[in-house]
Amino acid sequence: LFLLAVSMPLYLGTGALSVYAAGNDDTDTIKVAHYNILGNVNMNRNYVLSDLLHTDPDLISLNEVDLSCHEELIEKFAEKGYSQYGNSDWSPKSDEYIKIRAGWHNMTLYKTDKFELLDSGMITLSDTPDDEHSFISYMELYPKQNKEGRPRTCSWVYLKNKETGGKFIFASVHVQHAKSDLYDYNSIGLTILGEQLAILGEDYNCEVICAGDLNSSNPEEVFEFGFSTANSGVATHQDGGAIDS
């Protein structure tokens, strides 16, 4: 849950904040906000929607947007001038998506009057990142059966600032939490995330801003994956911790 940066540079973060990106001079700032809404639980309990609209961010990242609120949120943000792109962690063909309706979307939202959408896509945090909704191939059965071991995805949009002409990638990600005696899937996911976003930044020759839930309360531990941070995590409404804010 941090704002980080990798070589291009790449920034990843959480909470409402401002960060310099995609501008022609130092006066061009972009305000980014992130929340993990826990399938609409935090959205209802913590007044997240009113917080976001009051903060008036340019870019918004949301994690764990389930099917019970997905379309409603798209409509509400559209009324406020936001367009969106996102993907579900679960494949729309899976039983979890169809029967349990556990979409768990990672959504990127951006102000339509400020940004033009140039491209979009999805990265899967597995050893086959181009294979949509794929598990890590050597993941044990128990993590696969547990919701924390589900496939993890990163949704991204390639945007152009209509005023300055600056171009950048904005991504929303929710990294693995599951671990086993043999593997730390959180570390594996962070490694894949850093590698794939760095490739995107190189392909488009632009900066990358990535907001999301890293399932970590310590920004120091993510630096080893090639990131640097623009903020150290914002406390949640619920318990004052930085995880799942």
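List of remarks:
- Percent accessible area from carbon and sulfur atoms, segment 38-122, protein chains only, probe 1.4 Å: 49
- Rel. contact order, % - alpha carbon contacts under 8 angstrom, at least six apart, segment 86-151: 26
- Mean separation of Cα contacts under 8 Å, 6 or more apart, over the residue count of segment 38-149: relative contact order %: 24
- Amide H contacts of Thr153: Leu125, His174, each under 5 Å away and 5 or more positions distant or on a separate chain (H built 1.01 Å from N in the peptide plane; Pro and chain starts excluded).
- Tail beyond 16 Å, pair distance distribution of segment 39-84 (Cα, percent): 33
- Net charge over other residues, Cβ less than 13 angstrom from the Cβ of Met122 (K, R count +1; D, E count -1): -4
- FRET efficiency, 1/(1 + (r/R0)^6) with R0 41 Å, evaluated for Lys114 and Lys144 via beta carbons: 0.50
- Cut-off 17 Å (backbone N to label point 7 Å along Cα→Cβ of Asp181), residues of segment 116-157: 139-144
- Debye intensity ratio I(q)/I(0), log10, segment 55-163, q values 0.12, 0.17, 0.18, 0.24 Å⁻¹ (C-alpha model): -0.46, -0.83, -0.91, -1.30
- Lysine pairs in segment 63-179 with Cα atoms under 20 Å, if 8 or more residues apart or on separate chains: 18
The values are calculated or read from the model by the stated rules, or taken from the named source; none is laboratory data. Quick caveat: nothing in here was measured; it's all calculated off a predicted structure. For neighbour counting, all protein chains shown are included, and Cβ atoms are generated from backbone atoms with ideal geometry for every residue, glycine included. The protein model used for the area step is the full one, side chains on, heavy atoms only, and it has no ligands, DNA or RNA in it. Shrake-Rupley method; radii C 1.70, N 1.55, O 1.52, S 1.80 Å.
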